[in-house]
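Have a look at the structure below, then the notes.
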Amino acid sequence: MTDHADAGFDAGPSTGTALTQSLGSGLSPGLEAMEDAAAVSTRKGGARLDLGAASWALYQGARDPYVNLIVIYVFFPYFATAVVGDPVKGQSLVADIATVCGLCVALSAPLLGASIDKIGRRKPLLLLMTTLMLPLLVGVWWIKPGLSGLGLGLASVVLGLQGVVFAYSDLLHNSMLTRAATPRQAPYASGLALSLGNFFSVFMLVFVLWAFALPGKVDWPIIPRHPLFGLDPLKHETDRIVGPVVAACLAVLAIPLFLFTPDAPASDVGVFNALGQGYAGLKATVRSLKGHTSAAVFLGSRMLYTDGMSALLVFMGVFAAGVMHWHILELLAYGVLLSIFAVIGGQVGALLDAHLGPRRAVQIEILAAACGLFCLLGMGADKVLFIPYDPAAHAPLWRGPIWRTLPEAAFLATGCFNAVFITAQIASSRTFLTRLAPPGQSAAFFGLYALSSTATAWLGSALVRIFTGLFKSQQAGFLPVAMLLVLGFIGMLFVKHDGKEGVA
């Protein structure tokens, strides 16, 4: 199985969050077809995508802006700081939401993914998930500070439901790939989907930056003088508008999939029968690990370090908003810059794989992320790597509107460093499993790969919640994240196969 094949398995965003990495198991039945596709494409060159395959890929661009704008960089940080009113309590509440969401997905998604082929048509369910997502996204407009909007309880339900519905839509969308594209087209459709997801995520970050965050802050010719639509930053309307903006993106870009992408045929298997068969398939998949010690140890280790890195991504914006006192302008620019460095991370992962082998590459990437996290713990608006620093006593680094102090520049550099190695480990981990999977068992092993993403998707967030509440500190909340990375690294030391050739 080549790298092209497993690219089709995880067509989702590279953010790796509990909300984004929790699903993907729906693709496992089609991995063998994609393995053939990779082999064919390697021999004969590229494949031209038809309208159905391109429409399937475009849906990725429709839904991925939710992760960057709502979860990571804008809305959750605003919710944790301005709505909750206390960054520490806000981080705890966001952790509660992510934990409950992760548990719901962990308990249901593997079974749904294993049963999806038996259920038949995906489009009706995907249309339902997409339709449910739209009012949930628009609804964040009414999540306001104080008592003028939705209360914290109802707001938390809305945000939690978004995560669960997004995860189900991810599974259903991924499971349509083998119908949307021919075996030869599949790797290219998957790659296009990932590219479109990243493109529209960055485009939407830049658009919100241009239309709502920069106006009134800078006097540049290309920037409007005031936020579009007359939005009032003092009422946090420029933060809350991201929900309706993401909803509009989803509503428009999702349409081609429902019009042009082929669906699976209807099935005469009842829902309960399908779930029963799916459960039997899950058990068989788990049993396939018997006799493959390196693969079993790797998947167990990956559960730990992936949970840690997913938590680091989910809370990255919340942490920056609370610790560095950043607002929408800084956070949007932060998101754009980190997205660029994430692309670099994919290339770093490939280089490390090629020169050191994927096992060693994963170990280096985990250690690098752990070091980056340790540096983050020593950052603050008035300190750099645990050393106190008074920005008022020093001249600004430049005359720009953001990131004018040394602590901000150091925090930014550390975030970019983490983005590189978090993305690199996603690429290297997938490559490593392609070397560990025995011939003819790629589908089963990538099913286990997906299961290892969902089984403990709640763990990182739960530990962040416990430590944040216990020590009343955002930095302390990240200590268990470092612990998960260290445990994952230790587990990788017991993986005997180097991944350079052969099968474990």
Within segment 341-379, residues under 30 Å from Gly322 (Cβ atoms), open to solvent by 10 Å² or more (accessible area, probe 1.4 Å), in contact (Cβ under 8 Å) with a residue 12 or more places away in the chain and not aliphatic (A, V, I, L, M) come out as Phe341, Gly346, Phe374, Cys375
Within segment 300-334, residues within 14 Å of the chain's Cα centre (by Cα) and more than 18 Å from Pro407 (Cα to Cα) come out as Thr306, Asp307, Gly308, Met309, Ser310, Ala311, Leu312, Leu313, Val314, Phe315
Considering segment 177-192, residues that are of a type outside the set (S, T, N, Q) and outside any helix (DSSP H, G or I), and then whichever is nearest to Leu257 (Cα to Cα), we arrive at Ala181
(1) open to solvent by 10 Å² or more (accessible area, probe 1.4 Å); (2) modelled with pLDDT of 80 or more all hold for Phe411 apart from (1)
Taking Leu289 as the residue in question, decide whether it is at pLDDT below 80, surrounded by fewer than 22 Cβ atoms within 10 Å (Cβ to Cβ) and touching a helix residue (DSSP H, G or I) at 6+ places or on another chain (Cβ under 7 Å). yes
Restricting segment 260-285 to residues that are within 30 Å of Arg435 (Cβ to Cβ) and in contact with a helix residue (DSSP H, G or I) (Cβ under 7 Å, 6 or more places away or on another chain), the one modelled with the highest pLDDT turns out to be Tyr279
With respect to Leu128, determine if the residue is assigned to a helix (DSSP H, G or I) and without any contact (Cβ under 8 Å) to a residue 12 or more places away in the chain.
yes
Here, helices (runs of 4 or more DSSP H) confined to segment 1-118 with at least 2 residues that are modelled with pLDDT under 50 are 3-9, 31-44
Filter segment 101-138 for residues that are closer than 21 Å to Tyr449 by Cβ and small (Gly, Ala, Ser); the one that is surrounded by the fewest Cβ atoms within 10 Å (Cβ to Cβ) is Ser108
Note: among Ser294, Ser310, just one is in contact (Cβ under 8 Å) with a residue 24 or more places away in the chain and buried (at least 24 other Cβ atoms within 10 Å of the Cβ), namely Ser310
Among residues of segment 139-168 being part of a loop (DSSP other than H, G, I, E, B) and modelled with pLDDT of 90 or more, the residue surrounded by the fewest Cβ atoms within 10 Å (Cβ to Cβ) is Lys144
Ile402 meets each of (1) in a helix (DSSP H, G or I); (2) β-branched (Val, Ile, Thr); (3) over 26 Å from Ser452 (Cβ atoms) with one exception, condition (1)
Out of (1) farther than 18 Å from Tyr334 by Cα; (2) open to solvent by 10 Å² or more (accessible area, probe 1.4 Å); (3) small (Gly, Ala, Ser); (4) touching a residue at least 24 places away in the same chain (Cβ under 8 Å), the one Ala392 does not meet is (4)
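Please go through segment 485-494 and pick out each residue that is within 20 Å of Leu433 (Cα to Cα) and touching a helix residue (DSSP H, G or I) at 6+ places or on another chain (Cβ under 7 Å).
Matches in segment 485-494: Leu485, Leu487, Gly488, Phe489, Gly491, Met492, Phe494.
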Picking from Phe203, Phe260, Phe199, the residue that is among the aromatic types (Phe, Trp, Tyr), surrounded by fewer than 20 Cβ atoms within 10 Å (Cβ to Cβ), within 28 Å of Lys123 (Cβ to Cβ) and in contact with a Phe, Trp or Tyr (Cβ under 9 Å, 6 or more places away or on another chain) would be Phe260
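Please go through segment 217-235 and give me each residue that is of a type in the set (A, V, I, L, M) and surrounded by 10 or more Cβ atoms within 10 Å (Cβ to Cβ), ordered by number.
Val218, Ile223, Leu228, Leu231
The values are calculated or read from the model by the stated rules, or taken from the named source; none is laboratory data. The shown structure was predicted, so the numbers you read here are calculated from the model rather than taken from an experiment. Note: ideal-geometry Cβ built from the backbone for every residue, glycine included; neighbour counts use all protein chains shown. Calculation scope for accessible area: heavy atoms of the full protein, side chains included, ligands and nucleic acids excluded. Shrake-Rupley method; radii C 1.70, N 1.55, O 1.52, S 1.80 Å.
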